1. Length gain on complete extension for the stretch Lys111 to Gln343, per 0.36 nm per residue less the alpha carbon to alpha carbon distance?
2. How far, in nm, would the chain grow between Ser68 and Lys227 when pulled straight, counting 0.36 nm per residue and subtracting the alpha carbon separation?
3. Give me, ordered by chain and number, the residues 5 or more places off Leu329 or on other chains with an amide H under 5 Å from its own placed amide H.
4. Under the 0.36 nm per residue contour assumption, what length would be gained going from the current alpha-carbon distance of Asp79 and Ser258 to full extension?
5. Calculate the FRET efficiency for Asn292 and Leu161 from the Cβ-Cβ distance with a Förster distance of 35 Å, rounded to the nearest 0.05.
6. For the stretch 304-312, just list the computed ³J(HN,Hα) in residue order, Karplus coefficients 6.51, -1.76 and 1.60, θ = phi - 60°, integers in Hz, with x standing in for Gly and Pro.
7. What order, most packed first, do the peptides 89-101, 345-357 have when packing is the mean number of other Cβ atoms within 10 Å of each residue?
8. Step by step: find N for the stretch 11-371, compute 2.2 N^0.38 Å, then divide the Cα radius of gyration by it. What's the final number?
Amino acid sequence: MKKVLIIIGLVIIIAAVGVGVYFGWKKSKEILTPAVSPGAASSNLPSQAISKLKALSNESAISYWSDSSLENIFYLSSDGKIFKTNQDGEEAASDQMMGDVKKGEFSADGKFVLAEFSNLGVSKWNIFDLENKKWFILPGTITAVSFSTDGGKIAYLQNNLKGYSDLFTNDIANFKKGVGEFSKKQIKILSLNQEDFDIKWISSNKVLLVSKMFTEAETEIWAVDLKTKNISKFSSGNGLILSFSKFGDLGIEFNTNSNTPKLSLIDGNGIRLADFGFYTFPQKCFIAGRTNIFCAVPNDQTAFGRVKFVDDYFKRAVFSNDDFIQIDLSGNKAQTVAFGDNQSIDANSISFYGNKFLFINRYDNRLYSLAL
């Protein structure tokens with residue numbers, strides 16, 4: 001297997017998308033362009049798209065989770081504290097500062113939090129139990145972790161101290177019984193010659209493997225079938241970034257092959273179904289229900305033609321100012337539903353419930369809502 005290269009880790013987008021949708025897209029492969037272009041004058045904005053921006057967190061946020069009602073939102077702060085915020089204010093679910101957070105992920109049911117902490121240059125993964133308000137420390141040899149799509153299991157890579165990594169899966173319930181029981185019940189999937197991988201569990205039996213390197217070189221992503229234990233090449237390209245629906249049946253792919261950006265809709269096997277008529281990053285999109293995708297789109301679309309823009313963006317050397325677009329999969333239509341004019345919105349990790357966007361704003365790293 002060739003050395004796997006990646007520009008950035010994968011981002012999982014929470015959504016449920018019907019199988020029937022992709023056949024229509026695959027047949028048409030129409031290019032979608034917003035009815036109102038990003039960056040257009042606010043006077044062109046339809047009346048239903050008048051927006052209200054509200055900060056929901058007092059601290060910087062790495063990851064968050066909310067139920068569909070938005071009554072309670074939990075978020076992981078950059079120093080490892082966990083907060084609950086609602087209309088009554090904000091309170092700490094855990095005020096223990098665990099260290100600088102490198103990555104964070106909530107389980108699909110919102111019951112657990114995965115976090116990678118860095119202390120004095122040493123990284124360790126921990127799991128927080130929101131119900132019992134307790135941190136569990138994972139073995140120090142674990143280098144990457146991801147929740148299953150139902151939130152009840154984790155997949156993880158563990159350095160076996162022989163120069164390569166082993167891929168395991170395990171039930172979270174086993175870990176709560178103690179480290180000994182956790183190690184006893186782990187299921188080994190396969191061994192890898194490389195050590196520096198990240199992983200994402202994107203569907204019931206599929207885990208993606210990706211290098212943690214940040215580069216503009218060609219990226220290769222590999223898929224592991226947890227049932228058959230087979231590994232196969234999933235996708236490749238320069239500046240490749242992927243995100244998926246909750247069940248891994250639809251995804252969004254961004255790449256910069258030949259220094260030309262492209263944003264595409266793909267299926268769960270990485271097959272391209274359609275191209276979008278605008279550019280954004282997959283983690284700025286949210287696949288919502290059976291017919292809709294919402295995206296935060298930089299209104300300076302020419303920036304994507306600059307060779308170093310993608311690299312600079314993820315190094316936080318540049319920021320964007322975003323408008324919000326709704327894409328109707330059933331009708332192959334797209335329209336701008338909210339403008340970010342004069343609001344300094346660079347949205348990351350977006351979701352959409354009811355009539356509100358939730359996202360982490362890269363300008364100050366706080367969690368926000370944007371009501372239509």
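1. Once the chain is fully extended between Lys111 and Gln343, it gains 80.2 nm.
2. Result: 54.1 nm gained on full extension.
3. HN-HN under 5 Å from Leu329: Asn292, Ile293.
4. So the extension gain works out to 60.5 nm.
5. 0.15
6. 6, x, 7, 4, 9, 4, 4, 4, 5
7. Going from most to least packed, we get 345-357, 89-101.
8. Against the empirical 2.2 N^0.38 Å value, I get 0.97 for the stretch 11-371.
Values quoted throughout were computed directly from the atomic coordinates according to the rules given, and no laboratory measurement underlies them. In this text the structure is predicted, and so the values were computed from the model without any measurement. Note that we place each Cβ from the backbone using ideal geometry, even for glycine, and neighbour counts take in every protein chain shown.
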